[in-house]
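Before any comments, here is the structure.
The values are calculated or read from the model by the stated rules, or taken from the named source; none is laboratory data. Predicted model only: the values in this text are computed from it and were never measured. In this analysis, Cβ positions are derived from the backbone assuming ideal geometry, glycine residues included, and neighbour counts consider all displayed protein chains. Just the protein is used for accessible areas: all its heavy atoms, side chains included, with ligands, DNA and RNA removed. Shrake-Rupley method; radii C 1.70, N 1.55, O 1.52, S 1.80 Å.
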Amino acid sequence: MTKRIVVTGIGATSALGGTAPENWSNLLDGVSGAHTLTHEWVETYQLPVTFAAEASVRPEEVLPRHEAKRLDPSTQFALIAAREAWADAGSPEIAPERLGIDWATGIGGVWTLLDAWDALREKGPRRVMPLTVPMLMPNAGAGNLSLHFGAKAFARTVVSACASSTESIANAYQHLQDGLADVVIAGGAESAIHPITVASFASAQALSRRNDDPEHASRPGAVDRDGFVMGEGGAAVVLETEEHAKARGAKIYATLLGGGVTADSYHITGNDPEGLGAARAVELALEQAGASADQVTHINAHATSTPVGDPNEYVALKRVFGERIDEIPVSATKASTGHLLGGTGALEAVYTILALRDRVAPPTINMTEQDPAVPFRLSTEPQPLGSGEQLAISNSFGFGGHNAVVAFSSYDG
């Protein structure tokens with residue numbers, strides 16, 4: 001029998017704020033999280049891109065020093081977001097063997113790895129920290145969350161580039177359906193605003209070069225978009241069976257209806273211009289949801305603001321929705337947050353959940369002239385979603401040809 005899976009807690013930290021409510025408020029207000037970087041390394045390495053969307057609340061402002069120094073920044077963000085989500089869910093009392101972790105990252109502990117390399121090269125092997133490997137490994141987020149919350153059902157890690165944390169939520173749905181846990185903390189985090197990643201993405205012509213106007217640099221769907229803006233942070237959701245949530249009297253945000261995960265097998269960095277894999281991920285999510293394309297009332301698009309990626313996503317969604325795609329309210333929230341890589345899907349899932357709760361699609365900022373090749377129904381103002389049951393999907397696509405989509409519906413008891 002298919003179980004109903006519900007969202008009972010959310011947490012988020014990004015360029016828009018250190019908590020989920022702050023993120024949501026600033027997103028609706030059209031705030032941009034992108035700013036000029038003030039680090040010395042920007043000038044030292046003469047980077048061609050000098051801005052990003054750094055988290056507005058630094059981990060060291062939240063975590064005790066003794067805790068933070070044992071964690072890579074990506075894991076610090078993971079812990080901050082997951083703690084907020086857990087508290088928001090009412091800190092459920094649950095047997096450790098019935099609590100699971102589905103976590104994600106796209107790159108993992110890049111700061112730890114490269115700082116250790118600098119220490120080895122400049123000062124010798126004795127100066128490399130003994131915790132270097134536990135800090136840099138991609139599963140550090142899942143492992144540390146398991147330790148912190150006492151989760152013994154499982155602690156799994158997804159690393160599928162920018163689709164990572166959407167895939168982790170899709171996996172959590174299946175793990176709950178399979179009875180492997182009663183409660184799962186799912187999400188993802190990333191902290192990769194580092195000279196090597198900025199230089200690499202810039203070399204690949206993937207980043208916007210609007211150094212003189214960073215707040216307006218991310219422009220999904222706009223005719224003059226020129227690349228994405230790097231972001232950082234993390235987001236988490238607490239998921240559980242409806243039966244378990246009701247038994248403990250938990251508040252419920254939304255229903256997680258299912259997810260779809262596919263691969264393009266087309267190109268290591270580019271997505272399929274025919275949108276076949278992405279479209280199939282949407283179709284699989286809707287199939288698992290037991291819903292039709294006609295029932296979808298809102299889409300949080302992947303929409304990175306790259307010249308090629310945005311129209312390819314439109315092509316993929318038109319395969320699924322036909323001409324109706326031009327009528328569905330679409331939000332491209334990376335315009336505000338930047339691109340959190342492996343953490344972006346979880347953050348956008350939180351926004352999708354809140355859009356359903358408040359029945360409003362958040363705005364897409366920086367839209368001056370929309371590209372005719374990307375004729376989504378984007379709005380520079382919040383778009384009302386109306387009354388009645390709402391069904392929304394959130395899309396994520398990543399290097400390696402990864403596609404992941406999750407579907408949520410409003411919850412009315």
Starting from region 22-35, keep only residues that are of a type in the set (V, I, T), then list their pairs with residues that are open to solvent by less than 10 Å² (accessible area, probe 1.4 Å) and assigned to a helix (DSSP H, G or I) whose Cβ atoms are within a distance under 8 Å, requiring at least 6 positions of separation or different chains. V31/S336
Among the residues of region 293-315 satisfying the criterion of being more than 20 Å from the chain's Cα centre (by Cα) and part of a helix (DSSP H, G or I), which is surrounded by the fewest Cβ atoms within 10 Å (Cβ to Cβ)? D294
Which residue is least open to solvent (accessible area, probe 1.4 Å), if the candidates are limited to region 325-371 and must be free of Cβ contacts under 8 Å to residues at least 60 places away in the same chain and assigned to a loop (DSSP other than H, G, I, E, B)? I328
Tell me which residues, restricted to region 9-40, are of a type in the set (V, I, T) and either open to solvent by 50 Å² or more (accessible area, probe 1.4 Å) or more than 18 Å from the chain's Cα centre (by Cα) (or both). V31, T36, T38
I'm trying to understand the selection: among the residues of region 166-181, which are touching a residue at least 12 places away in the same chain (Cβ under 8 Å), more than 20 Å from R83 (Cβ to Cβ) and either part of a loop (DSSP other than H, G, I, E, B) or more than 20 Å from the chain's Cα centre (by Cα) (or both)? L176, Q177, L180
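Looking only at region 375-413, filter to residues that are of a type in the set (D, E, K, R) and assigned to a loop (DSSP other than H, G, I, E, B); which one of those is modelled with the lowest pLDDT? Before you say what the answer is, go through the steps one by one.
Let us first name the residues in region 375-413 that are of a type in the set (D, E, K, R), namely 377, 381, 389, 412.
Filter once more, so that each one left must be assigned to a loop (DSSP other than H, G, I, E, B): 381, 389, 412.
Details: E381: 97, E389: 92, D412: 86.
Per the criteria, the residue is D412.
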Verdict on L99 being open to solvent by 10 Å² or more (accessible area, probe 1.4 Å), out of contact with any Ser or Thr (no Cβ under 8 Å at 6 or more places or on another chain) and in contact (Cβ under 8 Å) with a residue 40 or more places away in the chain: no
